[in-house]
1. Looking at Ile8, Ile29, Ile37, Ile15, which one is touching an Asp or Glu at 6+ places or on another chain (Cβ under 6 Å) and among the β-branched types (Val, Ile, Thr)?
2. For Gln111, work out the one condition from (1) open to solvent by 100 Å² or more (accessible area, probe 1.4 Å); (2) assigned to a helix (DSSP H, G or I) it doesn't fulfil.
3. Output the residue which, of all residues in the stretch 69-92 that are assigned to a loop (DSSP other than H, G, I, E, B) and either open to solvent by 70 Å² or more (accessible area, probe 1.4 Å) or not hydrophobic (A, V, I, L, M, F, W, C) (or both), is modelled with the highest pLDDT.
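The values are calculated or read from the model by the stated rules, or taken from the named source; none is laboratory data. Note that the coordinates shown come from a computational prediction; the quantities given were computed from them, not determined experimentally. Counting neighbours? That spans all protein chains shown, and the Cβs are built from the backbone with ideal geometry, glycine included. Protein only, heavy atoms only, side chains kept; ligands, DNA and RNA dropped before computing areas. Shrake-Rupley method; radii C 1.70, N 1.55, O 1.52, S 1.80 Å.
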Amino acid sequence: TLHFVSGIVQLVVTIVMGCVGLLCFENMIDAGYFNLILITEGVLLLIFIVLLWRINKVIVWLRKSNFLKKYDFSHLEIKRSMLLKMLLLSTLRYLVFSIQFYLLLIACGVQGNLYHIAGAITITYDLV
C-alpha cells in the first residue's frame, strides 16, 4: 500500500510540474484546448490531493473490499509527516530526472533557452 501512496504522490508532483510547463507555452497553444487541458489536470490534481489527505480513510475502505482481503492492511497508518517526506522526496526525484533529461538533450545537440526546454521536459513527463 505504501507503493500505491508513493505512486500517487509522484503523480501529484508530475501533474503540478506539467501545469507549470504548460504555462511556459500558454501563448503558443489554442486557448480552448489549453483551458481544457488545465481544467482536466486541475480536476485530477484535486482528486489525488483529496485521496492523499484522506489516505487513512481510503485504507479503511480498501480493508473492506472483498478482492483485497488477502492483503494485510491492519497495521498500516500513514501520518502527515510521512506524506510530507514522500512529497519532498518525489519532488527531488523529479528534479534529478529533469536535470538528467536536460543534460541528455544538451549532449545530443539540442539548442534553445532553458525556459522553453524546461517547459518541454515537464510537458513530456506529464504526457507520459
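1. Working: Ile8 fails: touching an Asp or Glu at 6+ places or on another chain (Cβ under 6 Å); Ile29 fails: touching an Asp or Glu at 6+ places or on another chain (Cβ under 6 Å); Ile37 fails: touching an Asp or Glu at 6+ places or on another chain (Cβ under 6 Å).
Result of the check over Ile8, Ile29, Ile37, Ile15: Ile15.
2. The failed condition is (2).
3. Let us first name the residues in the stretch 69-92 that are assigned to a loop (DSSP other than H, G, I, E, B), namely 69-79.
From what is left, the residues that are either open to solvent by 70 Å² or more (accessible area, probe 1.4 Å) or not hydrophobic (A, V, I, L, M, F, W, C) (or both) are 69-72, 74-75, 77, 79.
Working: Lys69: 65, Lys70: 65, Tyr71: 64, Asp72: 63, Ser74: 61, His75: 66, Glu77: 76, Lys79: 85.
Among residues in the stretch 69-92 that are assigned to a loop (DSSP other than H, G, I, E, B) and either open to solvent by 70 Å² or more (accessible area, probe 1.4 Å) or not hydrophobic (A, V, I, L, M, F, W, C) (or both), the one modelled with the highest pLDDT is Lys79.
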